[in-house]
Each structure stands twice: as structure tokens, then as C-alpha cells.
Amino acid sequence: MWIASAAGLVVLLLILFGWGLRKRAAIKLQRLTQRIEEQKKIEEELKNLATTDELTGTYNRRAILEIAQTEFEKCLDEGLPFSVLLIDIDHFKQVNDQYGHEVGDRVIRAVVNVCGDTLRLKDIGYIGRLGGEEFVILLPGVDQIKAHVVAEQLRECVEKQPIQCVENTWYSATVSVGLATMKRSEKFDELLNRADLAMYQAKKAGRNRVNISREPVAG
């Protein structure tokens, strides 16, 4: 009788011991999982910091140019068109001089947000800030004619969006846009330079307009 009771006690102790081990193992696994998730979150935050423009929340210069090169080569390999819009906010120095850099930053954010929202509605393109009041939009798979339509829509949306500078004071920003579509014989840097030249020609022609680097058209 005593032996049976002792054996039962041993079994019970073994069960409790095993349960304790499983519980500790589960706690350790849970902690390990939390650490892994925290590490992933930190890595994601670091990645965002490395690729995101702090002011606008869009791609920074390095990130957008890396995307551009990848998408450019992909379109080149697949025989697809590739268009670039280079956009500069008109009279931006006057905004900074008259209202200050804080308002200038607000204008940049507003313009980028309008363009970003328009692109998301169309489900096309990438937008990134190159620096200052200049930013670029990549349109993989979009030919010159369609890119021109997109550029005009962006320009009109920016012009129609009032931006509050100070209390009871609103500013209507405009943009000059240079458009270039890939030629089979050129590199991405050459394409970007053509878009840049087209943008400056738009400014010289009076601003608040889209200027096309007259090369390819829709195939």
C-alpha cells in the first residue's frame, strides 16, 4: 500500500515537474518571439530612416534613384516605356523670404502630398524628393502621351490646392514639370538630365506648365 502511494507520488511529481518545464519553456519561447519581433521592428524603422525623406515622408534622394535604376533596367529588358517627371515648386524662394522656412516646409509637404495622393488614386508611379523644392516622379510602363496626361493632372491639382501660410493667409503654389520618356539608346542618368532640362525650359517659358523633352511618343 505504501509502495503504491509512493509510486503515485513519484508520478505526480514527474507530471508537475514536466508541466513546470513546459511552462518555463513556453515563457522563454514567448520572450524570444517578442525579442525577434522587436528586432524586426527596429530593423524596419532603420530601413525607413535610410530610405525616407524626413520632411515629406516620401522616398529620399538615394532611395528614389535606386528604385529608378531598377525600374528603368526592368522596362528596358521587357521593352516597356519608362517616363520621368521632374517637378520644381515655382517661386519657392519668395515663399521662404516672405513667410519663413516653416511655411516653406509646409508648402513642400502639401505639394508632395497632392502629387502622392493623385498617383495613389491612379495606382501608378513612385515619388521621391531630390532636395530642396525639387522632386521626381517615376512612371514605369507609362509612355509619353499618358505621362503628359498625368503631369498635367498633377500640375492642376497642385494649383487648385490652397495652402495655409499663416492665420487667414493662403498660398496657391504652382509647379513647373519636365517630362522625358526613355530612349532605347540612353542610360537613366541621361533620361533624368533630359527631364531636368525640360523642367528648366518650363520655368523659362513662364512657369506653371509641363514641358516635354520631345523624343519618343506612344508606340
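The values are calculated or read from the model by the stated rules, or taken from the named source; none is laboratory data. Note that the structure is predicted; figures quoted are calculated from it, not measured. Here the Cβ positions follow ideal geometry from the backbone for every residue, glycine too, while neighbour counts run over all protein chains shown.
Observations
- Taken together, the residues in region 113-160 that are modelled with pLDDT of 95 or more, out of contact with any helix residue (DSSP H, G or I) (no Cβ under 6 Å at 6 or more places or on another chain) and in a loop (DSSP other than H, G, I, E, B) amount to 3.
- Taking region 103-126 as the range and being under 13 Å from the mean Cα position of the chain (by Cα) and crowded, with 22+ Cβ neighbours inside 10 Å as the test, the residues that pass are Val112, Cys115, Gly125.
- Flag for Val84 being part of a helix (DSSP H, G or I) and either modelled with pLDDT of 95 or more or of a type in the set (A, V, I, L, M) (or both): no
- Selection count where residues are of a type in the set (Gly, Ala, Ser), in a strand (DSSP E or B) and crowded, with 19+ Cβ neighbours inside 10 Å, scope region 167-219: 3
- Matching residues in region 161-186 - criterion: being out of contact with any strand residue (DSSP E or B) (no Cβ under 7 Å at 6 or more places or on another chain) and at pLDDT 95 or above: Thr174
- Subset of region 150-170 [of a type in the set (A, V, I, L, M, F, W, C) and within 21 Å of the chain's Cα centre (by Cα)]: Val150, Ala151, Leu154, Cys157, Val158
- Hits in region 187-216 - residues which are aliphatic (A, V, I, L, M) and over 19 Å from Leu138 (Cβ atoms): Ala205
- The lone criterion from (1) buried (at least 18 other Cβ atoms within 10 Å of the Cβ); (2) outside any helix (DSSP H, G or I) left unmet by Gln164 is number (1).
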